Amino acid sequence: MTRPKVFVARRIPAAGLDRIAAAAAVDVWPDRLPPPVEVLRERVRDCDGLVSLLTDKVDAALLAAAPRLKVVSNFAVGVNNVDLPACTARGVRVGNTPGVLTDATADIAVTLLLAAARRLGESMTDAKEGRWLTWEPLGWLGQDLSGRTLGIVGMGRIGFATAKRLHGGWGMRVLYTARGPKPDADRELGARWVELDDLLAESDFVSVHADLNDSTQGLFGAEQFRRMKPSAVLVNTSRGPLVDQAALAEALRAGTIFAAGLDVTDPEPLPPDHELYRLPNCVVAPHVASATVGTRDAMARLCADNLLAGLRGEKLPHPVNDV
Ligand code: GLV
C-alpha cells in the first residue's frame with residue numbers, strides 16, 4: 001500500500017512529527033523562514049495532507065494546485081491564514097489546535113499587561129543605558145492593578161483564562177464583549193457583558209482576544225483609543241490587524257492611552273525600524289504566546305491527531321470546517 005504524502009511547512013516538535021512520519025511519507029520544510037508561496041504550492045502538488053502554520057496562506061490557488069489534498073492541519077488555534085469556504089468547497093478538512101495553548105497565551109497577556117502598566121520595558125532599557133541615576137520618588141511611575149477594571153474583548157477560552165488570572169490574582173472587576181453573554185464568566189468571575197464602547201470607557205486594562213475576521217479587522221482605531229481612559233493599557237495577543245497601528249502609535253505618543261503590550265503586530269515580523277519599538281510606552285513581543293515547551297508539544301500532538309484522522313478520511317478531532 002502506498003503511504004500518503006504530507007508536506008509539513010516547518011519543523012514542529014517530535015511529539016507530533018514522529019507520529020506523522022510513522023504513518024506517511026513526510027516532506028518537512030527545513031528552513032527557519034516559511035516556504036515562499038510558489039514553493040509551497042509546488043511542494044503540496046501531490047500531497048494528501050498539509051501541516052500549515054499561521055504564516056502559510058492556504059487559499060484557493062494553493063488548493064487548486066493540490067488536487068489530492070484531503071486535510072489541512074493548522075499548527076495554531078487561529079485559522080485566519082486558511083480560506084475555510086474554499087477548503088469546504090473542495091471537501092478538504094481543516095483542523096486547528098484549540099485548548100492546549102489557552103494557559104500559555106493567557107500568561108503572556110498578563111505578562112504584557114504587567115510590563116506595560118509598570119513601564120518595565122522602558123525602565124529596564126533606562127537601567128541598561130545608564131539612565132538609572134538614583135531611586136527616584138517620581139521615576140517610572142506606572143499604574144496600579146488591584147481592584148481595577150479589566151475589559152476582555154472576545155470572551156472565548158483565552159479571554160476567560162486571562163480574566164480568571166486577573167480577577168483571582170488582583171481582584172479585578174471584569175467586563176467583556178462577546179457575541180452573547182457567557183454564563184460561566186458571569187457566574188465564576190462576576191463578569192458583565194457590555195457593548196464595546198462601554199467597555200472602552202470603563203476599563204483600566206483592555207485585553208484583546210477576538211478572532212480576526214471581516215468584522216474585527218481594524219476594530220481598534222483612533223475613535224476607540226479616544227474612548228479609553230488616558231491611564232488605560234491595551235494588550236493584544238490575538239492578531240495584529242485588529243489594531244490600527246498608526247492610530248495606536250499616535251494614541252501612545254499623545255498620551256490618549258497610557259501604554260500598550262503587543263504579542264501580535266501587522267505585519268509580522270514588525271520591521272526593526274518600526275515606530276512602535278521606539279515608543280517607551282509600548283512593549284512588543286515577537287508572537288510568543290504559545291511558546292513553551294509543553295504547549296508546543298501539545299500543539300504538535302493535536303496537529304498530528306487532526307492530520308492522521310484526515311488522511312484516514314475520518315472527521316477531525318478538532319475541526320474548524322464542516323466536511
Ligand atoms: C497563535 O497565534 C495561534 O493562533 O495558535
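The values are calculated or read from the model by the stated rules, or taken from the named source; none is laboratory data. As the structure is a computational prediction, the values presented were derived from the model and not from experiment. Here the Cβ positions follow ideal geometry from the backbone for every residue, glycine too, while neighbour counts run over all protein chains shown. Protein only, heavy atoms only, side chains kept; ligands, DNA and RNA dropped before computing areas. Shrake-Rupley method; radii C 1.70, N 1.55, O 1.52, S 1.80 Å.
Numbers below:
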{"quantity": "Criterion violated by residue 308 - all others in (1) assigned to a helix (DSSP H, G or I); (2) within 16 Å of the ligand (Cβ to nearest atom) satisfied", "calculated": "(2)"}
{"quantity": "Selection from the range 239-267 of residues that are of a type outside the set (A, V, I, L, M, F, W, C) and either farther than 23 Å from residue 55 by Cβ or touching a helix residue (DSSP H, G or I) at 6+ places or on another chain (Cβ under 8 Å) (or both)", "calculated": "244, 245, 250, 253, 255, 256, 261, 263, 265, 266, 267"}
{"quantity": "Residue match in the range 44-61 (condition: at pLDDT 95 or above, assigned to a helix (DSSP H, G or I) and either open to solvent by 60 Å² or more (accessible area, probe 1.4 Å) or closer than 22 Å to residue 309 by Cα (or both))", "calculated": "no"}
{"quantity": "Residue identified as in the same structural domain as residue 172 (by TED's automatic domain parsing), within 16 Å of the ligand (Cβ to nearest atom) and not hydroxyl-bearing (Ser, Thr, Tyr) among 109, 127", "calculated": "109"}
{"quantity": "Residue in the range 218-241 that is free of Cβ contacts under 8 Å to residues at least 60 places away in the same chain, in a helix (DSSP H, G or I) and within 16 Å of the ligand (Cβ to nearest atom) present", "calculated": "yes"}
{"quantity": "Qualifying position, being in a loop (DSSP other than H, G, I, E, B), surrounded by 17 or more Cβ atoms within 10 Å (Cβ to Cβ) and either more than 16 Å from the ligand (Cβ to nearest atom) or basic (Lys, Arg) (or both), among 142, 91", "calculated": "142"}
{"quantity": "Residues that are without any contact (Cβ under 8 Å) to a residue 40 or more places away in the chain, open to solvent by 50 Å² or more (accessible area, probe 1.4 Å) and more than 12 Å from the ligand (Cβ to nearest atom), drawn from the range 270-292", "calculated": "271, 272, 273, 275, 277, 278"}
{"quantity": "Selection status of residue 154, over 20 Å from residue 259 (Cβ atoms), more than 16 Å from the ligand (Cβ to nearest atom), open to solvent by 10 Å² or more (accessible area, probe 1.4 Å) and not assigned by TED's automatic domain parsing to the domain that holds residue 70", "calculated": "no"}
{"quantity": "The lone exception for residue 246 - which of (1) closer than 29 Å to residue 101 by Cα; (2) out of contact with any Lys or Arg (no Cβ under 9 Å at 6 or more places or on another chain) it fails", "calculated": "(1)"}
{"quantity": "Criterion: open to solvent by less than 10 Å² (accessible area, probe 1.4 Å) and either within 14 Å of the ligand (Cβ to nearest atom) or touching a residue at least 24 places away in the same chain (Cβ under 8 Å) (or both) - qualifying residue of 76, 23, 115", "calculated": "76"}
{"quantity": "Residue selected from the range 215-269 under the condition of a type in the set (Ser, Thr, Tyr) and under 23 Å from residue 202 (Cβ atoms), by the criterion most open to solvent (accessible area, probe 1.4 Å)", "calculated": "215"}
{"quantity": "Among the residues listed as 199, 270, the single one being assigned by TED's automatic domain parsing to the domain that holds residue 125, in a loop (DSSP other than H, G, I, E, B) and aliphatic (A, V, I, L, M)", "calculated": "270"}
{"quantity": "Flag for residue 164 being closer than 23 Å to residue 216 by Cβ, open to solvent by 70 Å² or more (accessible area, probe 1.4 Å) and modelled with pLDDT of 95 or more", "calculated": "yes"}
{"quantity": "Counted residues, the range 48-73 - those being within 12 Å of the ligand (Cβ to nearest atom) and over 23 Å from the mean Cα position of the chain (by Cα)", "calculated": "0"}
{"quantity": "Residue among 109, 86, 127 that is more than 23 Å from residue 7 (Cβ to Cβ), open to solvent by less than 30 Å² (accessible area, probe 1.4 Å) and not in a loop (DSSP other than H, G, I, E, B)", "calculated": "109"}
